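Some notes on the structure that comes next.
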Amino acid sequence: MTLKSKFLGCILGVGIGDSLGRRWEGSFGPAMEEIERGSQVLRYTDDTHMTLGVLESLIACKGLDIGHMAHTFVKNYEEEPYRGYGPGPPRIFRLIRRGEGLLNLDRGIYPGGSYGNGSAMRIAPVGLLYHDSEELRGKACSASEITHSHELGKEGAALQAYAVALAVKISRLDVDEFLDELEKFAENSTYKKKLRAMRTLDREKRSEVTTKLGNGIEAFNSVPAAVFSFLTAKSFSDAVLYAISLGGDTDTIGAMTGAIAGAYYGIEGIPPEWIDRLENGRYLERLALELLRIGES
Ligand code: F2R
Ligand code: MG
Ligand code: MG
């Protein structure tokens, strides 16, 4: 499996998981065979739209520049505000546009900042670019802070970025080793507890899975579900469809699962008809390849 295939798989995985999960967001969880029915063009939401912003900024700056990334988010939001953004980010973007600072603006909205999953859902390009770097955690936390500065929000973004990085680096999945790595990486007890719970959970008992791991809009209630969906699946499509079948924040858990599974299985593991139907798929592919070039230079 080449790095090229893994970068492409990861970025397309975000768009596909997001757009397949989109119409089920907030539902109890559809049967896996129901999920695709009726969707022709796979239209994405804020999850992919913000991932595009992260990609565009990392590429333009050849690495992380918080100010540039924040203004890229603002510009993209103003161009396409209809992507189904969470409640906090549009308020933050208006403050940034008015010149009222860059960091910790979410603390004026939520006590201690936001722990929503909005920074974890967009973090995959950071996991790709820094997959072999000690800087990964710091970069993921900084990229999160633009909109999500709560410790639980930053940790969710860092853990999701690290899961993507591990999936890029391995060629054969050993579930226990993967979980060992994530547990060593996690600093927060909420995430550590959920990672431990995954070792004994039965994938088919969905209500137990969502009770123990969560399936909600908070980072700590969705990043673990995405990791679990990847770890217990047999293929890219099995991972993404299972993630959506858990219900709740389906576009976001789908997007994050798609990122990890795409980074592991590569573009060849993704059903070609999903790639063909994905809105802006060619643009996502081009950015994935440009990110790879930056990573290699
Ligand atoms: N917005 C949505 N879905 C709503 C329906 C969209 C509809 N289908 C449409 O098309 O219009 N989905 C998107 O939002 C989620 C990401 O949200 P984000 O960016 O994290 O937002 P926010 O506002 O920062 O946090 C979300 C909620 O988390 C809770 N929360 C966060 N911090 C908190 C704190 N410190 N204390 C208490 N609660 C906190 C709040 O309930 C926030 O509203 C993704 O699902 C994306 O797809
Ligand atoms: Mg969304
Ligand atoms: Mg969502």
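The values are calculated or read from the model by the stated rules, or taken from the named source; none is laboratory data. None of the values given here were measured: they were computed from a predicted structure. As a convention, Cβ positions derive from the backbone with ideal geometry for all residues, glycine included, and neighbour counts pool all protein chains shown.
In the list Glu78, Glu145, which residue meets the criterion of being within 13 Å of ligand 1 (Cβ to nearest atom), closer than 30 Å to Leu8 by Cα, among the charged types (D, E, K, R) and touching a residue at least 12 places away in the same chain (Cβ under 8 Å)? Write out each step before concluding.
Numbers: Glu78 fails: within 13 Å of ligand 1 (Cβ to nearest atom).
After ruling out the rest, the residue left standing is Glu145.
Out of Ile109, Ile123, report the one residue that is within 16 Å of ligand 2 (Cβ to nearest atom) and either among the β-branched types (Val, Ile, Thr) or within 30 Å of Leu3 (Cα to Cα) (or both). Spell out the reasoning first.
Values: Ile109 fails: within 16 Å of ligand 2 (Cβ to nearest atom).
Of the residues listed, the single one that is within 16 Å of ligand 2 (Cβ to nearest atom) and either among the β-branched types (Val, Ile, Thr) or within 30 Å of Leu3 (Cα to Cα) (or both) is Ile123.
Among Gly101, Gly88, which is surrounded by 14 or more Cβ atoms within 10 Å (Cβ to Cβ) and either modelled with pLDDT under 95 or touching a Gly at 6+ places or on another chain (Cβ under 9 Å) (or both)? Before you say what the answer is, go through the steps one by one.
On the way: Gly101 fails: surrounded by 14 or more Cβ atoms within 10 Å (Cβ to Cβ).
Of Gly101, Gly88, the one residue that is surrounded by 14 or more Cβ atoms within 10 Å (Cβ to Cβ) and either modelled with pLDDT under 95 or touching a Gly at 6+ places or on another chain (Cβ under 9 Å) (or both) is Gly88.
If you go through segment 7-22 one residue at a time, do you hit one that is more than 16 Å from ligand 2 (Cβ to nearest atom), more than 16 Å from the chain's Cα centre (by Cα) and within 30 Å of Leu166 (Cβ to Cβ)? Scanning segment 7-22 turns up no residue that is more than 16 Å from ligand 2 (Cβ to nearest atom), more than 16 Å from the chain's Cα centre (by Cα) and within 30 Å of Leu166 (Cβ to Cβ). Consider Ala233 carefully, then state whether it is outside any helix (DSSP H, G or I) and crowded, with 19+ Cβ neighbours inside 10 Å. Yes; evaluated as a whole, the condition is true for this residue. If you check every pair at least six apart or on different chains, which have Cβ atoms under 9 Å apart with a residue in segment 44-73 that is under 13 Å from Glu145 (Cα atoms) and of a type in the set (Gly, Ala, Ser) first and a residue that is assigned to a helix (DSSP H, G or I) and at pLDDT 95 or above second? Listed by first residue and then by second, the contacts come to Ala70/Ser57; Ala70/Ile92; Ala70/Phe93; Ala70/Ile96.
One residue is enough: does segment 158-175 have a residue meeting the conditions modelled with pLDDT of 95 or more, over 20 Å from Phe236 (Cβ atoms) and of a type outside the set (A, V, I, L, M)? Scanning segment 158-175, I find no residue that is modelled with pLDDT of 95 or more, over 20 Å from Phe236 (Cβ atoms) and of a type outside the set (A, V, I, L, M), so the answer is no. When segment 82-102 is filtered for residues that are more than 15 Å from ligand 3 (Cβ to nearest atom), in a helix (DSSP H, G or I) and in contact (Cβ under 8 Å) with a residue 40 or more places away in the chain, only Ile92 remains. Residues of segment 169-187 that are crowded, with 17+ Cβ neighbours inside 10 Å and closer than 27 Å to Pro89 by Cβ: Leu182, Phe185, Ala186.
State which residue is surrounded by the most Cβ atoms within 10 Å (Cβ to Cβ) when the search covers only segment 211-230 and only residues that are assigned to a helix (DSSP H, G or I) and out of contact with any Gly (no Cβ under 7 Å at 6 or more places or on another chain).
Within segment 211-230, the first condition is being assigned to a helix (DSSP H, G or I), and the residues that meet it are 211-213, 219-221, 223-230.
Right, trim to out of contact with any Gly (no Cβ under 7 Å at 6 or more places or on another chain) and you get 211-213, 226-230.
Details: Thr211: 12, Lys212: 17, Leu213: 24, Ala226: 34, Val227: 27, Phe228: 26, Ser229: 29, Phe230: 31.
Going through the qualifying residues, I end up with Ala226.
Among residues belonging to segment 53-88 that are of a type in the set (Lys, Arg) and over 20 Å from the mean Cα position of the chain (by Cα), point out the one that is farthest from ligand 2 (Cβ to nearest atom). Full working, then the answer.
Taking segment 53-88 as the starting set, the residues that turn out to be of a type in the set (Lys, Arg) are 62, 75, 83.
Filter again for over 20 Å from the mean Cα position of the chain (by Cα), leaving 62, 75.
Working: Lys62: 28, Lys75: 19 Å.
Filtering segment 53-88 for residues that are of a type in the set (Lys, Arg) and over 20 Å from the mean Cα position of the chain (by Cα), the one farthest from ligand 2 (Cβ to nearest atom) comes out as Lys62.
Every residue, every condition in (1) in contact with a strand residue (DSSP E or B) (Cβ under 9 Å, 6 or more places away or on another chain); (2) within 26 Å of His49 (Cβ to Cβ); (3) more than 12 Å from ligand 3 (Cβ to nearest atom); (4) modelled with pLDDT of 95 or more, yes or no:
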position	(1), (2), (3), (4)
Gly214	yes, yes, yes, yes
Ala243	no, yes, no, yes
Ile253	no, yes, no, yes
Gly258	no, yes, yes, yes
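Inclusion of Val54 among residues that are over 24 Å from Gly254 (Cα atoms) and aliphatic (A, V, I, L, M) is not warranted.
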